[in-house]
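Visitor: If you scroll down you'll find the structure; I have some questions about it.
The values are calculated or read from the model by the stated rules, or taken from the named source; none is laboratory data. These numbers come from a predicted model, not from an experiment. Note that each Cβ is placed from the backbone with ideal geometry, even for glycine, and that neighbours are counted across all protein chains shown.
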Amino acid sequence: MRPPHRIPRRFVLPALAIAAIVSTPASLLAQFPEGPEFRVNTYTTGEQRRPAVASYANGFVVAWESDGQDGDQAGIFRQMFDWDGTPLGPEFRVNTYTTSSQHAVSVESGGNFVLVWQSEGQDGDQGGVFMGSLSGGEFRVNSYTTSSQGTPAVAVDPAGNFVVVWASLGQDGSDSGIFGQRYSNNFAPLGGEFRVNTYTTGFQGNPAVAINGYDGQFQVVWEGQGNDDQPFGIYAQQYHFADGAPVGGEFLVNSFTTGDQRHPRVNAENGGYWVVWDSDGQDGSGTGVYVGAYRINTYTTGDQNHPALWSRWFGNNVWVWQSDDSQDPQGGVFGQFAYGVSPIMSEFRANTYTTGTQDEPVVTVTLNITAVAWSSQQDPDGSRGIYAQRYNNPWLPVELQDFIVE
């Protein structure tokens with residue numbers, strides 16, 4: 001039996017903030033892109049796909065997988081940028097082991113920059129999870145190496161401690177399960193790897209994780225399917241970071257259970273967590289993007305899915321997702337800024353180039369700038385590359401925001 005639904009906390013916008021939003025001309029809110037979209041990768045042969053992004057005090061880093069650039073199938077590369085979009089040095093190969101494919105990269109920052117990825121064959125048997133820092137070097141994360149471990153995600157706290165989660169095939173006794181490992185800020189493991197999901201029947205995969213510096217806890221989310229004829233749902237489990245002890249049991253995040261709920265992402269904010277996912281059939285046409293009971297996408301024709309989010313600073317939120325060809329010629333990247341779950345402007349399209357497919361969006365924020373990155377079929381050889389756009393943040397100053405939690 002699955003645990004019951006847990007009601008997510010909801011942020012309420014005060015009258016002062018609402019008045020300020022209403023009095024701001026829509027034309028000003030709409031004028032927030034910082035220059036044109038730009039290409040991230042300098043190497044353009046073959047496919048560059050599946051970006052990840054993280055911010056730091058003076059800029060942001062984008063990581064991605066690049067086909068053939070390291071000499072053998074896919075490898076992991078990254079590029080640092082100042083917040084004005086200026087590249088800081090050349091693009092850099094992250095993986096030192098280059099045999100076969102390294103892919104599915106995730107990057108996060110805090111007191112450390114940590115990159116994690118899936119590497120085929122490096123741990124001796126199919127896929128394994130490896131990690132590195134911006135200064136180079138790599139380490140294997142998974143101690144269980146039978147079959148495949150992959151699709152990792154990482155979260156870093158302000159002190160530089162971090163946790164890595166991934167999906168492992170067969171380790172929990174039934175299809176795929178979710179596992180994790182905590183680390184100190186010097187990359188030393190804290191305890192052993194642990195299983196996240198307590199319900200082990202069927203498939204549990206596609207994990208994401210966030211650390212809440214407010215209370216020293218972290219939350220793991222994933223998509224789970226008990227049997228082949230059951231829909232996918234979004235599940236979560238919280239932990240104390242200090243000792244790795246679970247906080248309660250795993251719980252169901254989504255309350256709408258008709259159709260599949262998939263591709264969850266999570267971010268921590270002020271002692272709580274925002275979880276976003278795509279839901280099949282809930283918005284009346286294909287898939288839509290949801291946070292709790294709230295639909296994020298206003299355009300609902302066709303599919304809106306594979307969301308990413310950033311949340312911080314008293315309910316300042318930005319969500320991005322990919323939308324199918326009914327909204328953009330062959331699929332595009334769209335987003336929404338909000339206070340809590342209250343939109344502060346119309347949803348926006350991030351990509352200005354609309355030929356071919358634009359998808360796989362990610363987002364990060366710091367100071368006054370939001371950076372969105374995605375995969376686009378616009379490299380000089382006609383293949384996919386990594387592109388990005390910067391935005392002026394449209395939120396009110398922090399001193400005008402006085403959110404409460406119901």
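Visitor: Name the one entry in 118, 126, 102 that is surrounded by fewer than 21 Cβ atoms within 10 Å (Cβ to Cβ) and in contact with a strand residue (DSSP E or B) (Cβ under 9 Å, 6 or more places away or on another chain).
Guide: On the way: 118 fails: surrounded by fewer than 21 Cβ atoms within 10 Å (Cβ to Cβ); 102 fails: surrounded by fewer than 21 Cβ atoms within 10 Å (Cβ to Cβ).
Criteria check complete, one pass: 126.
Visitor: Give me the residue from segment 177-220 that is more than 20 Å from the chain's Cα centre (by Cα) and β-branched (Val, Ile, Thr) and, out of that set, farthest from residue 273 (Cα to Cα).
Guide: 201
Visitor: Could you tell me whether residue 60 is aromatic (Phe, Trp, Tyr), part of a strand (DSSP E or B) and within 23 Å of residue 382 (Cα to Cα)?
Guide: Considered against the rule, which asks whether it is aromatic (Phe, Trp, Tyr), part of a strand (DSSP E or B) and within 23 Å of residue 382 (Cα to Cα), residue 60 comes out as no.
Visitor: Report the residue count in segment 227-286 for those that are surrounded by fewer than 22 Cβ atoms within 10 Å (Cβ to Cβ), more than 28 Å from residue 316 (Cβ to Cβ), touching an Asp or Glu at 6+ places or on another chain (Cβ under 9 Å) and not hydroxyl-bearing (Ser, Thr, Tyr).
Guide: Of the residues in that region, 6 qualify.
Visitor: Quick check on segment 306-316. Is at least one of its residues modelled with pLDDT under 95 and farther than 25 Å from residue 81 by Cα?
Guide: Yes - at least one qualifying residue is present in segment 306-316.
Visitor: Any chance segment 356-369 includes a residue that's among the small types (Gly, Ala, Ser), modelled with pLDDT under 95, farther than 20 Å from residue 303 by Cα and surrounded by fewer than 21 Cβ atoms within 10 Å (Cβ to Cβ)? Reasoning before the result, please.
Guide: Kept after step one, since they are among the small types (Gly, Ala, Ser), are these residues of segment 356-369: 356.
Next, from what is left, pick out any that are modelled with pLDDT under 95: 356.
Adding the requirement that they be farther than 20 Å from residue 303 by Cα leaves none.
For segment 356-369, residues among the small types (Gly, Ala, Ser), modelled with pLDDT under 95, farther than 20 Å from residue 303 by Cα and surrounded by fewer than 21 Cβ atoms within 10 Å (Cβ to Cβ): absent.
Visitor: With the condition kept exactly as written, say whether any residue in segment 161-168 is surrounded by fewer than 21 Cβ atoms within 10 Å (Cβ to Cβ) and out of contact with any Cys (no Cβ under 8 Å at 6 or more places or on another chain). So that I can check it myself, show each step before the final result.
Guide: Of the residues in segment 161-168, the ones surrounded by fewer than 21 Cβ atoms within 10 Å (Cβ to Cβ) are none.
Looking through segment 161-168, none of the residues is surrounded by fewer than 21 Cβ atoms within 10 Å (Cβ to Cβ) and out of contact with any Cys (no Cβ under 8 Å at 6 or more places or on another chain).
Visitor: Based on this model, can you work out whether residue 54 counts as modelled with pLDDT under 50 and not in a loop (DSSP other than H, G, I, E, B)? Spell out the reasoning first.
Guide: Details: modelled with pLDDT under 50: no; not in a loop (DSSP other than H, G, I, E, B): yes.
Here the answer is no, as residue 54 does not meet what is asked.
Visitor: If residue 175 satisfies every condition in (1) touching a Ser or Thr at 6+ places or on another chain (Cβ under 7 Å); (2) closer than 18 Å to residue 224 by Cβ; (3) surrounded by fewer than 20 Cβ atoms within 10 Å (Cβ to Cβ); (4) not small (Gly, Ala, Ser) but one, which is the exception?
Guide: Looking at each condition in turn, residue 175 falls short on (1).
Visitor: I'd like to know if segment 19-32 contains one or more residues that are surrounded by 15 or more Cβ atoms within 10 Å (Cβ to Cβ) and modelled with pLDDT of 50 or more.
Guide: yes
Visitor: Among the strands (runs of 3 or more DSSP E) confined wholly to segment 96-194, which include 3 or more residues that are closer than 25 Å to residue 214 by Cβ?
Guide: Numbers: elements: 102-109, 113-120, 127-133, 136-140, 149-156, 162-169, 176-183.
Of the strands (runs of 3 or more DSSP E) lying wholly inside segment 96-194, those with at least 3 residues that are closer than 25 Å to residue 214 by Cβ span 102-109, 113-120, 149-156, 162-169, 176-183.
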